[in-house]
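S.K.: Quick one: the structure is below, and I'll ask about it shortly.
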Amino acid sequence: MKKIADISYYNGTINWAEASKELELAIIRVQYGSNKIDSKYKEYVQGCKAYGVPFGHYAYGCYTSVQDAMVEANDFMNRADKDAKFLVLDVEDDTLASCGPTNLAKASQAFIDTCRAAGWKVGLYVSHHMYTSYGLNSVSADFLWIPRYGGSKPAYSCDIWQYTDRGSVAGITGNSGNVDLNYLVGNKSIEWFIGNGSNPKEPDPTDVDTRKNVSLPSDWLTNNLGWLQCMQRQSWVYKEPNEFAEVVGKIPLGSGHVY
């Protein structure tokens, strides 16, 4: 049986000719918060592409608020390779430390919703001991990924079980050769994770007219928290609250975007 590994710069330089023989899926870390980009992620993406290993991306959340979570999500998507099959938000102790318990679930949901609105399939990775303690069991995602070591499955229903942080994969020697490995334990097949339909949807210009579809508040020029609301089928999301600014995505009818 081939392996599912999640990898980051800790795993060092990988011999993809060897690793590809054992991997059916690699989940590559892109960032630790917005300001720390994983130094190996582009190299790992190139290796996966060169040797035909399907891959997804994950981001370790370090946001401090709901709005900051949306910023991190957009930074994540801007860095994600377009051929990634899915994105994952990683919520662990450092996420709790930066965000605090009160808004952790709400901010995590905002991160996920921001990525989903752009057309991505998005999962939630959450530490086992945090899942019910901070309301993270109320967060909606396309799939759930929980770590639990020592042979026991997670106590909660999930789709991916990270069962060890001391696995091995041929060609991966960094981190003393220790690799995070995972099993699929839900009803989603490997094809569900790596099949078509996971990539972000490009905005369709035929559906969008920025001057007709967007309602901007009267104080949008000065209000940093200005609200852009879609009034028709769908609309652009701008990099800043200005209808002539760079387009960074789109939103569906009835939804909005906070700057």
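The values are calculated or read from the model by the stated rules, or taken from the named source; none is laboratory data. Quick caveat: nothing in here was measured; it's all calculated off a predicted structure. Heads up, the Cβs are rebuilt from the backbone with ideal geometry, glycines too, and the neighbour counts pull from every protein chain shown.
S.K.: Is it fair to say V139 is closer than 25 Å to Y10 by Cα and β-branched (V, I, T)?
M.R.: Here the answer is no, as V139 does not meet what is asked.
S.K.: Could you check region 161-186 and list, in sequence order, the residues that are over 14 Å from Y10 (Cα atoms) and among the polar types (S, T, N, Q)?
M.R.: Q162, T164, N182
S.K.: Is it the case, given these coordinates, that G61 is surrounded by 15 or more Cβ atoms within 10 Å (Cβ to Cβ), assigned by TED's automatic domain parsing to the domain that holds Y183, small (G, A, S) and under 18 Å from G123 (Cβ atoms)?
M.R.: So G61 fits the description; yes.
S.K.: Take A141 and tell me if it is crowded, with 18+ Cβ neighbours inside 10 Å and either out of contact with any Cys (no Cβ under 9 Å at 6 or more places or on another chain) or in a loop (DSSP other than H, G, I, E, B) (or both). Full working, then the answer.
M.R.: Details: crowded, with 18+ Cβ neighbours inside 10 Å: yes; either out of contact with any Cys (no Cβ under 9 Å at 6 or more places or on another chain) or in a loop (DSSP other than H, G, I, E, B) (or both): yes.
In short, yes.
S.K.: Also: Among the helices (runs of 4 or more DSSP H) contained in region 2-88, which hold 3 or more residues that are among the charged types (D, E, K, R)?
M.R.: So the answer is 41-51, 66-79.
S.K.: Hey, among the residues in region 66-97 that are under 20 Å from S138 (Cα atoms) and of a type in the set (S, T, N, Q), which one's farthest from the chain's Cα centre (by Cα)?
M.R.: For region 66-97, the residue satisfying everything is Q67.
S.K.: Can you spot a residue in region 86-97 that is touching a Ser or Thr at 6+ places or on another chain (Cβ under 6 Å), surrounded by fewer than 21 Cβ atoms within 10 Å (Cβ to Cβ), under 21 Å from C115 (Cα atoms) and modelled with pLDDT of 95 or more?
M.R.: Checking region 86-97: at least one residue is touching a Ser or Thr at 6+ places or on another chain (Cβ under 6 Å), surrounded by fewer than 21 Cβ atoms within 10 Å (Cβ to Cβ), under 21 Å from C115 (Cα atoms) and modelled with pLDDT of 95 or more.
S.K.: Please give the number of the condition S176 fails out of (1) on the phi > 0 side of the Ramachandran plot; (2) not in a helix (DSSP H, G or I).
M.R.: Result: S176 fails condition (2) only.
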